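Some notes on the structure that comes next.
The values are calculated or read from the model by the stated rules, or taken from the named source; none is laboratory data. Bear in mind that the values here come from a model prediction, so they are computed numbers and not experimental data. Here the Cβ positions follow ideal geometry from the backbone for every residue, glycine too, while neighbour counts run over all protein chains shown.
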Amino acid sequence: MVVSCNVSVPAPGTTYYNKQAMINLPGGKYMMTFIARMTVKEGQEEEFIRLIKALGEKVHANEPDCLYYRAFRLRDGERRFAVIESFKDEAAEETHRNAPWFTELVDPILATLDGSYEREYLDPLES
């Protein structure tokens with residue numbers, strides 16, 4: 001599933017992902033994973049990298065229910081990036097979006113983007 005997102009962040013409490021993208025974990029828990037792909041404005045690459053790394057550091061230090069958070073440069077262009085995020089459950093993703101570091105850094109990150117970003121939800125293959 002591909003979701004095109006506007007460069008504005010949904011209001012807290014807004015569910016904007018597909019609950020079918022959540023998978024069962026042992027113990028009846030759920031996990032939600034997605035990849036967000038974006039293009040950064042020319043000349044804004046260094047600022048984007050600085051901001052996305054700062055956000056990642058805060059997430060890793062303060063969000064134990066964020067199972068994976070990592071930014072990548074895509075090989076299809078110097079200004080193309082992706083972030084892969086995986087959360088224990090819907091509440092963990094909501095906590096992430098409401099965290100002070102997220103609300104502080106997201107607007108400056110979005111300001112570096114050249115247009116909107118695309119979000120794809122990932123479902124693991126059954127073993």
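Quick look at the numbers
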quantity: GLU94 surrounded by fewer than 17 Cβ atoms within 10 Å (Cβ to Cβ), within 24 Å of GLU45 (Cα to Cα) and at pLDDT below 95; calculated: no
quantity: Residue count, the range 74-109 (criterion: touching a Lys or Arg at 6+ places or on another chain (Cβ under 9 Å) and in a loop (DSSP other than H, G, I, E, B)); calculated: 5
quantity: Check on ALA82, at pLDDT below 95 and either more than 18 Å from LEU113 (Cα to Cα) or surrounded by 15 or more Cβ atoms within 10 Å (Cβ to Cβ) (or both); calculated: no
quantity: Residue satisfying all of: in the range 97-127; of a type outside the set (Val, Ile, Thr) and under 14 Å from GLY56 (Cα atoms); surrounded by the fewest Cβ atoms within 10 Å (Cβ to Cβ) among these; calculated: PRO100
quantity: Residue within the range 82-96 that is farther than 18 Å from THR33 by Cα and in contact (Cβ under 8 Å) with a residue 12 or more places away in the chain present; calculated: no
quantity: Residue match in the range 82-90 (condition: touching a strand residue (DSSP E or B) at 6+ places or on another chain (Cβ under 6 Å) and more than 18 Å from LEU122 (Cα to Cα)); calculated: no
quantity: Among the candidates TYR117, TYR121, TYR69, residue that is within 14 Å of the chain's Cα centre (by Cα) and without any contact (Cβ under 8 Å) to a residue 60 or more places away in the chain; calculated: TYR69
quantity: Within the range 109-127, considering residues that are small (Gly, Ala, Ser) and over 13 Å from ALA82 (Cα atoms), the one modelled with the highest pLDDT; calculated: ALA111
quantity: Flag for THR33 being of a type in the set (Ser, Thr, Tyr), touching a strand residue (DSSP E or B) at 6+ places or on another chain (Cβ under 7 Å) and at pLDDT 95 or above; calculated: no
quantity: Single match in GLU78, GLU42, GLU63, GLU46 (criterion: free of Cβ contacts under 8 Å to residues at least 24 places away in the same chain and of a type in the set (D, E, K, R)); calculated: GLU46
